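The values are calculated or read from the model by the stated rules, or taken from the named source; none is laboratory data. Being a predicted model, the structure only gives us computed values, none of them experimental. Positions of Cβ are generated from backbone atoms using ideal geometry, with glycine treated the same way; all protein chains shown enter the neighbour counts. Each accessible area value is taken on the protein alone, full model and side chains, heavy atoms only, with ligands, DNA and RNA left out. Shrake-Rupley method; radii C 1.70, N 1.55, O 1.52, S 1.80 Å.
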Amino acid sequence: MLTEGKLVRDRIPQIIRADGAEPEVYVAEPAEYRARLRAKLAEEVAEYMEADETDAPEELADVLEVAFALAADLGVDPAQLEKIRASKAEQRGSFSERIVWTGNR
């Protein structure tokens, strides 16, 4: 259970120090890191869902950053992730046609 602290971007401690405070941080072990990345993904998606059109691109970029970190944790680099995405889009399509499925007859 993740009860204390939150995963932050790598430069956040440096930014806090530049503002005159001393952050309390540690480096998560792999299992904790994976769990915290999953929690961060949920946090960032929730922030995107609440964002207006002005802030939505920034929040979506945060979702993408976490997705890239999750992929890296699985040993998948951004180029490989894009290949997987493109392959799925070729096989099953993307979402560009806005099709909504309501069931079968």
#### Entry: Accessible area (Å², per residue) of the chain, counting only protein heavy atoms and a probe of 1.4 Å
89
## Note on the structure
Per GNM of the chain with C-alpha springs under 10 angstrom, the most fluctuating residue out of E59, E29, E43 is E29
### Theoretical FRET efficiency, 1/(1+(r/R0)^6), r = Cβ-Cβ of D77 and E4, R0 22 Å, to 0.05
0.10
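Within the accessible area of the chain, what % is carbon and sulfur when the probe is 1.4 Å and the other protein chains stay in place?
On the way: 5060 of 9290 Å².
Exposed carbon and sulfur together represent 54 percent of the surface.
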### Message
Rolling a 1.4 angstrom probe over the protein chains, ignoring ligands and nucleic acids, what is the accessible area of F68 in square angstrom, nearest 10?
### Response
80
### Query
Gap in Å between the Cα centre of the range 73-105 and the Cα centre of the range 6-69?
25
## Note on the structure
Quick calc, V100 & E65: beta-carbon distance into FRET formula, R0 25 Å, rounding 0.05, result 0.30
